[in-house]
Ligand SMILES: [Zn+2]
(Lines give C-alpha, C1' and ligand atoms only; values in the text may rest on other atoms or scores of the structure.)
Protein backbone atom coordinates (compact mmCIF):
# COMPACT_ATOMS: atom_id res chain seq x y z
CA UNK A 1 0.00 0.00 0.00
CA UNK A 2 1.71 3.21 1.17
CA UNK A 3 5.09 1.48 1.10
CA UNK A 4 4.82 1.25 -2.69
CA UNK A 5 4.17 5.01 -2.91
CA UNK A 6 7.02 5.87 -0.56
CA UNK A 7 9.61 3.58 -2.17
CA UNK A 8 8.56 4.80 -5.63
CA UNK A 9 9.02 8.41 -4.57
CA UNK A 10 12.42 7.69 -2.99
CA UNK A 11 13.70 5.86 -6.07
CA UNK A 12 12.59 8.67 -8.38
CA UNK A 13 14.26 11.19 -6.07
CA UNK A 14 17.52 9.20 -6.03
CA UNK A 15 17.60 9.04 -9.83
CA UNK A 16 16.20 12.43 -10.76
CA UNK A 17 16.79 14.65 -7.70
CA UNK A 18 14.10 15.88 -5.36
CA UNK A 19 11.22 18.09 -6.25
CA UNK A 20 7.63 17.58 -5.05
CA UNK A 21 6.59 16.80 -8.63
CA UNK A 22 9.38 14.22 -9.12
CA UNK A 23 8.55 12.56 -5.81
CA UNK A 24 4.81 12.51 -6.58
CA UNK A 25 5.41 10.98 -10.02
CA UNK A 26 7.52 8.21 -8.48
CA UNK A 27 4.93 7.69 -5.74
CA UNK A 28 2.13 7.24 -8.27
CA UNK A 29 4.23 4.95 -10.48
CA UNK A 30 5.18 2.87 -7.44
CA UNK A 31 1.55 1.84 -7.00
CA UNK A 32 0.78 1.60 -10.72
CA UNK A 33 0.57 -2.22 -10.83
CA UNK A 34 -2.15 -2.07 -8.16
CA UNK A 35 -3.90 0.89 -9.80
CA UNK A 36 -4.01 -1.13 -13.03
CA UNK A 37 -5.88 -3.84 -11.16
CA UNK A 38 -9.06 -1.80 -11.12
CA UNK A 39 -10.03 -2.45 -14.76
CA UNK A 40 -9.55 -6.19 -14.10
CA UNK A 41 -11.57 -5.88 -10.93
CA UNK A 42 -14.45 -4.17 -12.70
CA UNK A 43 -14.36 -6.78 -15.44
CA UNK A 44 -14.53 -9.65 -12.95
CA UNK A 45 -17.27 -8.07 -10.85
CA UNK A 46 -18.39 -9.97 -7.79
CA UNK A 47 -16.05 -12.89 -8.44
CA UNK A 48 -13.09 -10.65 -7.65
CA UNK A 49 -11.78 -11.33 -4.15
CA UNK A 50 -9.98 -8.77 -2.04
CA UNK A 51 -10.26 -10.59 1.27
CA UNK A 52 -7.72 -12.83 2.97
CA UNK A 53 -4.83 -10.38 2.66
CA UNK A 54 -5.90 -9.23 -0.77
CA UNK A 55 -4.21 -12.21 -2.32
CA UNK A 56 -6.17 -12.27 -5.56
CA UNK A 57 -5.91 -8.62 -6.43
CA UNK A 58 -2.58 -9.19 -8.05
CA UNK A 59 -3.33 -10.24 -11.55
CA UNK A 60 -0.26 -11.69 -13.25
CA UNK A 61 0.28 -9.23 -16.07
CA UNK A 62 1.02 -6.05 -14.14
CA UNK A 63 2.82 -7.83 -11.29
CA UNK A 64 5.30 -9.62 -13.51
CA UNK A 65 8.91 -8.44 -13.46
CA UNK A 66 9.09 -9.03 -17.21
CA UNK A 67 6.02 -6.88 -17.84
CA UNK A 68 7.48 -4.04 -15.82
CA UNK A 69 10.75 -4.23 -17.75
CA UNK A 70 8.80 -4.14 -21.03
CA UNK A 71 6.85 -1.07 -19.81
CA UNK A 72 10.09 0.66 -18.85
CA UNK A 73 11.60 -0.05 -22.27
CA UNK A 74 8.42 1.45 -23.75
CA UNK A 75 9.03 4.61 -21.76
CA UNK A 76 12.61 4.62 -23.01
CA UNK A 77 11.52 4.33 -26.63
CA UNK A 78 9.06 7.19 -26.20
CA UNK A 79 11.70 9.52 -24.84
CA UNK A 80 14.74 8.20 -26.70
CA UNK A 81 15.00 11.48 -28.54
CA UNK A 82 16.43 12.88 -25.31
CA UNK A 83 20.17 13.28 -25.16
CA UNK A 84 20.53 10.98 -22.18
CA UNK A 85 21.39 7.35 -22.71
CA UNK A 86 19.69 4.43 -20.95
CA UNK A 87 22.65 4.04 -18.61
CA UNK A 88 22.66 7.65 -17.54
CA UNK A 89 21.62 7.62 -13.88
CA UNK A 90 19.43 10.66 -14.50
CA UNK A 91 17.52 9.00 -17.30
CA UNK A 92 13.81 8.73 -16.45
CA UNK A 93 13.35 5.29 -18.02
CA UNK A 94 15.93 3.78 -15.67
CA UNK A 95 14.07 5.32 -12.74
CA UNK A 96 10.79 3.96 -14.12
CA UNK A 97 12.38 0.51 -14.48
CA UNK A 98 13.48 0.46 -10.83
CA UNK A 99 10.19 1.88 -9.52
CA UNK A 100 8.00 -0.53 -11.48
CA UNK A 101 10.24 -3.48 -10.57
CA UNK A 102 10.19 -2.52 -6.89
CA UNK A 103 6.44 -3.11 -6.74
CA UNK A 104 6.28 -6.87 -7.43
CA UNK A 105 9.44 -7.39 -5.35
CA UNK A 106 7.86 -5.60 -2.37
CA UNK A 107 4.74 -7.70 -2.88
CA UNK A 108 6.81 -10.86 -2.44
CA UNK A 109 7.86 -9.79 1.06
CA UNK A 110 4.95 -7.68 2.26
CA UNK A 111 1.27 -8.19 2.66
CA UNK A 112 -0.36 -11.01 0.76
CA UNK A 113 0.56 -14.27 -0.82
CA UNK A 114 3.25 -13.45 -3.31
CA UNK A 115 3.06 -12.66 -6.99
CA UNK A 116 3.75 -14.37 -10.29
CA UNK A 117 7.16 -12.79 -10.69
CA UNK A 118 8.10 -14.60 -13.87
CA UNK A 119 4.73 -14.62 -15.66
CA UNK A 120 4.18 -15.57 -18.54
CA UNK A 121 7.16 -17.99 -18.33
CA UNK A 122 6.01 -19.36 -14.98
CA UNK A 123 2.53 -19.49 -13.50
CA UNK A 124 3.86 -19.98 -9.96
CA UNK A 125 3.54 -17.52 -7.09
CA UNK A 126 6.73 -16.43 -5.32
CA UNK A 127 6.74 -15.37 -1.69
CA UNK A 128 9.86 -14.43 0.29
CA UNK A 129 10.50 -14.78 4.04
CA UNK A 130 7.37 -16.77 4.77
CA UNK A 131 7.23 -19.02 7.84
CA UNK A 132 11.01 -19.09 8.19
CA UNK A 133 11.66 -20.00 4.56
CA UNK A 134 13.60 -17.72 2.23
CA UNK A 135 11.52 -18.58 -0.83
CA UNK A 136 8.10 -20.22 -0.98
CA UNK A 137 6.72 -21.17 -4.37
CA UNK A 138 3.03 -21.97 -4.80
CA UNK A 139 0.76 -23.06 -7.59
CA UNK A 140 -2.51 -21.12 -7.80
CA UNK A 141 -4.31 -23.94 -5.98
CA UNK A 142 -1.70 -24.10 -3.21
CA UNK A 143 -1.78 -20.32 -2.79
CA UNK A 144 -5.59 -20.33 -2.59
CA UNK A 145 -5.51 -23.04 0.05
CA UNK A 146 -2.87 -21.18 2.11
CA UNK A 147 -4.83 -17.92 1.97
CA UNK A 148 -8.03 -19.68 2.89
CA UNK A 149 -6.34 -21.28 5.89
CA UNK A 150 -4.31 -18.38 7.28
CA UNK A 151 -5.74 -15.24 5.66
CA UNK A 152 -7.77 -12.74 7.61
CA UNK A 153 -10.84 -10.98 6.28
CA UNK A 154 -10.08 -7.85 8.30
CA UNK A 155 -6.47 -7.78 7.00
CA UNK A 156 -6.57 -4.01 6.47
CA UNK A 157 -6.86 -3.14 10.17
CA UNK A 158 -5.55 -6.29 11.80
CA UNK A 159 -2.34 -6.43 9.74
CA UNK A 160 -1.76 -3.72 7.14
CA UNK A 161 -2.47 -0.71 9.37
CA UNK A 162 -1.83 -2.36 12.72
CA UNK A 163 1.23 -0.57 14.17
CA UNK A 164 2.09 -3.68 16.21
CA UNK A 165 2.89 -5.72 13.09
CA UNK A 166 6.06 -5.28 11.02
CA UNK A 167 3.96 -4.59 7.94
CA UNK A 168 1.90 -2.04 9.88
CA UNK A 169 5.07 -0.27 11.08
CA UNK A 170 6.38 -0.03 7.50
CA UNK A 171 3.04 1.34 6.30
CA UNK A 172 2.86 4.03 8.99
CA UNK A 173 6.50 5.02 8.45
CA UNK A 174 5.74 5.29 4.75
CA UNK A 175 2.74 7.52 5.47
CA UNK A 176 4.98 9.78 7.58
CA UNK A 177 7.58 9.79 4.78
CA UNK A 178 4.96 10.76 2.22
CA UNK A 179 3.77 13.62 4.44
CA UNK A 180 7.37 14.78 4.83
CA UNK A 181 8.21 14.78 1.12
CA UNK A 182 4.83 15.89 -0.26
CA UNK A 183 3.61 18.31 2.40
CA UNK A 184 6.30 19.46 4.84
CA UNK A 185 9.20 20.00 2.42
CA UNK A 186 7.05 21.90 -0.13
CA UNK A 187 5.71 24.05 2.72
CA UNK A 188 9.32 24.79 3.67
CA UNK A 189 9.92 25.91 0.09
CA UNK A 190 12.15 22.98 -0.88
ZN1 LIG B 1 0.66 -5.04 -5.82
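All told, residue 58 meets the bar of being buried (at least 20 other Cβ atoms within 10 Å of the Cβ) and either within 19 Å of residue 155 (Cα to Cα) or modelled with pLDDT of 80 or more (or both).
Taken residue by residue, region 147-168 has at least one member that is assigned to a helix (DSSP H, G or I) and modelled with pLDDT of 90 or more. Considering (1) in contact with a helix residue (DSSP H, G or I) (Cβ under 9 Å, 6 or more places away or on another chain); (2) at pLDDT below 70, the lone condition that residue 81 does not fulfil carries the number (1). The residue list 111, 14 contains one member that is within 24 Å of residue 173 (Cα to Cα) and modelled with pLDDT of 85 or more, which is 14.
Residue-wise test of (1) over 26 Å from residue 118 (Cβ atoms); (2) exposed (fewer than 13 other Cβ atoms within 10 Å of the Cβ).
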| site | (1), (2) |
| --- | --- |
| 132 | no, yes |
| 137 | no, no |
| 151 | no, no |
| 154 | yes, yes |
| 163 | yes, yes |
| 167 | no, no |
| 171 | yes, no |
| 187 | yes, yes |
| 190 | yes, yes |
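Scanning region 100-145 for residues that are touching a helix residue (DSSP H, G or I) at 6+ places or on another chain (Cβ under 9 Å), assigned to a loop (DSSP other than H, G, I, E, B) and more than 26 Å from residue 157 (Cα to Cα) turns up 117, 118, 119, 120, 121, 123, 124. Within region 93-115, residues that are at positive phi reach partners that are in a helix (DSSP H, G or I) and within 11 Å of the ligand (Cβ to nearest atom) with beta carbons closer than 8 Å, at six or more positions or on different chains, in the pairs 112/54; 114/107; 114/108.
In region 48-75, the residues that are away from the ligand (no atom under 11 Å from the Cβ) form Cβ pairs under 6 Å with partners that are assigned to a helix (DSSP H, G or I) and at pLDDT below 70, at six or more places apart or across chains, as follows: 48/41. Restricting attention to region 26-53, the residues being more than 11 Å from residue 5 (Cβ to Cβ) and either assigned to a helix (DSSP H, G or I) or at pLDDT 70 or above (or both) number 16.
The values are calculated or read from the model by the stated rules, or taken from the named source; none is laboratory data. Please read these numbers as outputs of a predicted model, since none were measured by experiment. Glycine gets a Cβ as well: all are built from the backbone with ideal geometry, and neighbour counts include every protein chain shown.
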